[in-house]
Amino acid sequence: MSSLSSVWYTRCPAPTPLSIAHQLGWIDSQFQSAGVGVRSIRDSKDPSVQQSHFTHALDYSFRQGGSIPPIWARSGGRETRVVGITTTDEFQAIIALPGSGIATAKDLKGRRIGVPRKPKSDVVDFQRATALKGIVSALSLDGLDHGDVELVYLDTDEGNLIERGNAAFLGLKRRYPYGAELLALASGKIDAFFVKGAEGIVLANQIEATIVSEFGFHPDPKIRINNGTPRPLTVDARFLDDHPDRVVDLVSTVASVGEWATSNPDMAVRFIANEIGVGEDAVWAANGPDVHRHLTLTLHTDQIGAFEHFQRFLLDWGFIPAAFDVRNWIDHRPLEAESRRRAA
C-alpha cells in the first residue's frame, strides 16, 4: 500500500454536501488531521488537472456533482466507485418568450427547440445531454417525443474546463449557462429551450419567460432524473482499495452535512448560493423550501435505479461508449462503516 500525502477533490457549482463541507473547512481539517493535504482540481491552473473534473483521471481523488461526467468516465473504463448519493431536486423547465404562442408542451409540436453543443470537446458534452434529457422528459408528459419537434443545435467553442477567475468571466467565478440559447431565442432562431437550477430560474425571471413545462419536482423519478438529480459522490478505485479508512473519513464528513444543514437552513442555503454564484432567494426558489433537508448522503435503491435509467438514456443517445453494471459501480462499504462508527 502506498503512502498518502495528498488527495484531489472537485465539486460542481450545485447544492452538494461536499461543497458545504468544503466551505465549512471540514474537508481540509479532516484530511490534515491524518497528515494528508487537499488539492482542488477546479482551482488548478493546469488544464490536464482541470480535465479530471470530467474524466476522474487522477488517482486519490473524489468528486461530487453532476452525474453525466462520472457515468461517462466509468463507461469509458475509468475505475471509480460511488460511495454516496445526494438527491436534491431542482427547477427544470422548458421556457419560451411571452407572445410566442407556446403555452404548453403540446404547443411545441413542429417548433424549434435549442440544444447547446460543443463539437470540439474532448470530454462528454454534458450540457447537450442535460438539455436533451429535459426536452425528452417535457415532451413525454404531453404524449410527444423528439421527432415531433425540430432540435436546433447551437454550437459553441467555449471549453468545458472550469478556470476560476478567468478574465473572460468579468470578475465572476464562472460563466453562467444558457448564453447561446438566450441569444438564439432573442434572434428568433429557436422557439424554446431547456433550463434548470438556480441559474435557470433567474434567467426565466429576467426575461419574463413563459414556463412551457416544469417538471423538476415531478413524482415520477424517471422524469426528474438528469445531470443534477441525483448527484453521486465518487472516488477512484485505487483510493478506496489503498486507503479505505480515509474514504470512510471522507464519507463521514460529507454525510454529517445533512444533519448540520437541517439545523442551519439559512446558512446552508447561503453556502449553496455562494457555490453557484446566485442570490439565496434563487436557491430557495429553484430547490424548494426544504432544500436544507435534502442534503443527506445515502445509497437508496431508488437512487441506484435512477442511475440505471439515466445510463440507458445516455447510451441510447450516444453520449457514453458502453453500458456497465451500475450496481457493481456502487460500493456500500464506506457508508456502512460510517453508520457503524456513528452508532458506536
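The values are calculated or read from the model by the stated rules, or taken from the named source; none is laboratory data. The structure presented is a predicted model; accordingly, all values stated were derived computationally and were not measured. Because the Cβ atoms are built from the backbone with ideal geometry, glycine has one as well, and the counts that use them run over all protein chains shown.
Some observations on this one:
- Within the range 35-55, the set of residues being without any contact (Cβ under 8 Å) to a residue 60 or more places away in the chain and under 29 Å from Asp89 (Cβ atoms) comprises Ser40, Ile41, Ser52.
- Qualifying residue in the range 191-202 (condition: in contact with a His (Cβ under 8 Å, 6 or more places away or on another chain) and either surrounded by 21 or more Cβ atoms within 10 Å (Cβ to Cβ) or under 30 Å from Leu58 (Cβ atoms) (or both)): no
- Remark: pairs (first residue in the range 170-188, touching a residue at least 24 places away in the same chain (Cβ under 8 Å); second residue among the hydroxyl-bearing types (Ser, Thr, Tyr) and not in a helix (DSSP H, G or I); Cβ separation under 8 Å; 6+ apart in sequence or on different chains) = Ala180/Thr156.
- Any chance Pro230 is farther than 18 Å from Gln64 by Cα and either modelled with pLDDT of 95 or more or out of contact with any Leu (no Cβ under 8 Å at 6 or more places or on another chain) (or both): no
- Count of residues meeting criterion [assigned to a helix (DSSP H, G or I) and either without any contact (Cβ under 8 Å) to a residue 60 or more places away in the chain or of a type in the set (S, T, N, Q) (or both)] in the range 275-314: 11
- Meets criteria (modelled with pLDDT of 95 or more and loosely packed, with under 15 Cβ neighbours inside 10 Å) for Gly114: no
- Number of residues in the range 2-34 that are assigned to a helix (DSSP H, G or I) and without any contact (Cβ under 8 Å) to a residue 40 or more places away in the chain equals 4.
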